[in-house]
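Notes for the one structure printed next.
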Amino acid sequence: MERGRRNLLITGGAGFIGSNFANYWYNRYPEDKLVILDALTYAGNLNNLSLILNDSRVVFVKGNICDAPLVSKILQEYDIEIIAHFAAESHVDRSILAPGTFIQTNVVGTFTLLDCFRHHWEKQGKPPHFRFLHVSTDEVYGSLEIGDPPFTENTAYAPNSPYSASKAGSDHLVRAYYKTYQLPTIITNCSNNYGPYHFPEKLIPLMCINILLGKPLPIYGKGENIRDWLYVEDHCRALDLVIHKGKPGDRYNIGGGNEVRNIDLVRLICKIMDEIAPNLPVKPSERLITFVKDRPGHDFRYAMDSSKIQRELGWQPLESLESGLKATLQWYIDNPQWWQPLLSKEYQEYYRQVYQMV
């Protein structure tokens, strides 16, 4: 894709991956206009964007991706050429407790964006450089066992939670809009991200913050579930390449190449925290590990084959699991003013409900 000044709409841009992407793009392409749309639900946080919001080339709009009149107005008013679609309900535990919200945001919201963007693209004469980037998850592929080959772009979908089913539905809609209308869409499916601005309910920030507070480290079952971990800035670089060099109608798997059992990941977090965090209330922090009842439908293993994006677009992750973890944990140690306000009474009640820590 030819590189000129571009106008981007970043949905979910105050969330974890979306805000990291917005900050990355702002610094990487200083000529571009960024419009950030976020409903500012529990995981959306304007503090994630504090370094860029005061710039005139960044516009923030509070709103819902299901609001078609609002989406259409944004596309027209700001001459949007690229949508980077991150907005989603994304926590498996919450999808078990309240699946309806996930269907509304992830399926209906994605449909609304696609249809509005299609009409906008057609009114502009179907410019070939327009892109709709749909950021999805490895969870749509289901679960693997030890010895199974990693997920490829051709792996059949087999979602096992309301969250992954809603993301699978949105993936199918994105593909259908390319096949039916030739809308220039691209799908990416990523493994578990980690890094700065990650909401505290997720595994890595939860472990880090609980170690700092001397609270239990809840691990589902025996901690034998395996995940592939991807540092969020490596993910942002991959999405940059997909937008500029990816083939419309195609999909790309993006994984960190870091398969590890949950228990081993938590032990590594404890080891690093013991080394870099001052004045921990409990040390060694491994003493805080607590095993809790496994969650329903807990997928055993995810593993991503990223050879396609590496081969076709030249992407490689730069961070190892240990180097990425050190950078991430240090960020949480250095930024308590970011995460402390998020530990509300409502969040603590949810935390107890999910992990059965009453």
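For the structure I just gave you, tell me whether Arg118 is farther than 19 Å from Lys33 by Cα, of a type in the set (Lys, Arg), in contact (Cβ under 8 Å) with a residue 40 or more places away in the chain and crowded, with 18+ Cβ neighbours inside 10 Å. Yes, satisfied. Pairing residues of segment 121-139 that are on the phi > 0 side of the Ramachandran plot with residues that are at pLDDT 95 or above, at Cβ distances under 8 Å and at least 6 apart in sequence or on separate chains, gives Lys126/Gln182. Scanning segment 121-163 for residues that are in contact with a Ser or Thr (Cβ under 7 Å, 6 or more places away or on another chain) and in a helix (DSSP H, G or I) turns up Asp138, Glu139, Val140, Tyr141, Pro162, Tyr163. Selection over segment 58-113 of residues that are among the charged types (D, E, K, R), surrounded by 15 or more Cβ atoms within 10 Å (Cβ to Cβ) and more than 16 Å from the chain's Cα centre (by Cα) gives a count of 2. Taking the conditions (1) among the aliphatic types (A, V, I, L, M); (2) in contact with a Ser or Thr (Cβ under 8 Å, 6 or more places away or on another chain); (3) within 28 Å of Pro184 (Cα to Cα); (4) touching a residue at least 60 places away in the same chain (Cβ under 8 Å) in turn, Leu75 satisfies each one other than (2). Pick from segment 183-220 the residues that are surrounded by fewer than 20 Cβ atoms within 10 Å (Cβ to Cβ) and aromatic (Phe, Trp, Tyr): which of them is nearest to Leu343 (Cα to Cα)? Applying the filter and picking the extreme gives Phe199.
Within segment 250-281, the set of residues being out of contact with any helix residue (DSSP H, G or I) (no Cβ under 8 Å at 6 or more places or on another chain) and of a type in the set (Gly, Ala, Ser) comprises Gly257 only. For segment 42-49, the criterion of being aromatic (Phe, Trp, Tyr) and crowded, with 18+ Cβ neighbours inside 10 Å is satisfied by no residue at all. Within segment 220-231, the presence of at least one residue that is within 29 Å of Asn7 (Cα to Cα), touching a residue at least 60 places away in the same chain (Cβ under 8 Å), part of a strand (DSSP E or B) and hydrophobic (A, V, I, L, M, F, W, C) is confirmed. Filtered by the rule that a residue be out of contact with any Asp or Glu (no Cβ under 9 Å at 6 or more places or on another chain), assigned to a loop (DSSP other than H, G, I, E, B) and not hydrophobic (A, V, I, L, M, F, W, C), segment 236-293 gives Pro248, Gly249, Pro278, Asn279, Pro281, Lys293.
Among residues of segment 286-310 that are surrounded by fewer than 16 Cβ atoms within 10 Å (Cβ to Cβ), those with a Cβ under 8 angstrom from a residue that is basic (Lys, Arg), sequence gap 6+ or separate chain, pair up as Phe291/Lys222. The listed residues are Ile103, Ile96, Ile36, and the only one of them that is among the hydrophobic types (A, V, I, L, M, F, W, C) and closer than 24 Å to Val242 by Cβ turns out to be Ile36.
For segment 178-187, the count of residues that are assigned to a helix (DSSP H, G or I), touching a strand residue (DSSP E or B) at 6+ places or on another chain (Cβ under 6 Å) and over 22 Å from Glu233 (Cα atoms) is at least one.
Only one entry of Glu275, Glu319 meets the criterion of being under 29 Å from Ile146 (Cα atoms) and either free of Cβ contacts under 8 Å to residues at least 12 places away in the same chain or acidic (Asp, Glu) (or both), and that entry is Glu319.
Return a yes/no flag: does segment 35-43 have any residue that is more than 19 Å from His129 (Cβ to Cβ) and of a type in the set (Gly, Ala, Ser). Yes, segment 35-43 contains a residue that is more than 19 Å from His129 (Cβ to Cβ) and of a type in the set (Gly, Ala, Ser).
Inspection of segment 102-117 identifies at least one residue that is at pLDDT below 95 and in contact with a helix residue (DSSP H, G or I) (Cβ under 7 Å, 6 or more places away or on another chain). The set of residues in segment 20-38 being in contact (Cβ under 8 Å) with a residue 40 or more places away in the chain and in contact with an Asp or Glu (Cβ under 9 Å, 6 or more places away or on another chain) consists of Asn20, Phe21, Tyr24, Trp25, Arg28, Lys33, Val35.
Could you tell me whether Val59 is in contact with a Cys (Cβ under 6 Å, 6 or more places away or on another chain), at pLDDT 95 or above and not in a loop (DSSP other than H, G, I, E, B)? No.
Of the residues making up segment 1-55, just one is β-branched (Val, Ile, Thr) and part of a helix (DSSP H, G or I), namely Ile17.
The values are calculated or read from the model by the stated rules, or taken from the named source; none is laboratory data. Only a predicted model underlies this, so the values are computations on that prediction, with no experimental measurement involved. Here the Cβ is made from the backbone with ideal geometry for all residues, glycine too, and neighbour counts use every protein chain on show.
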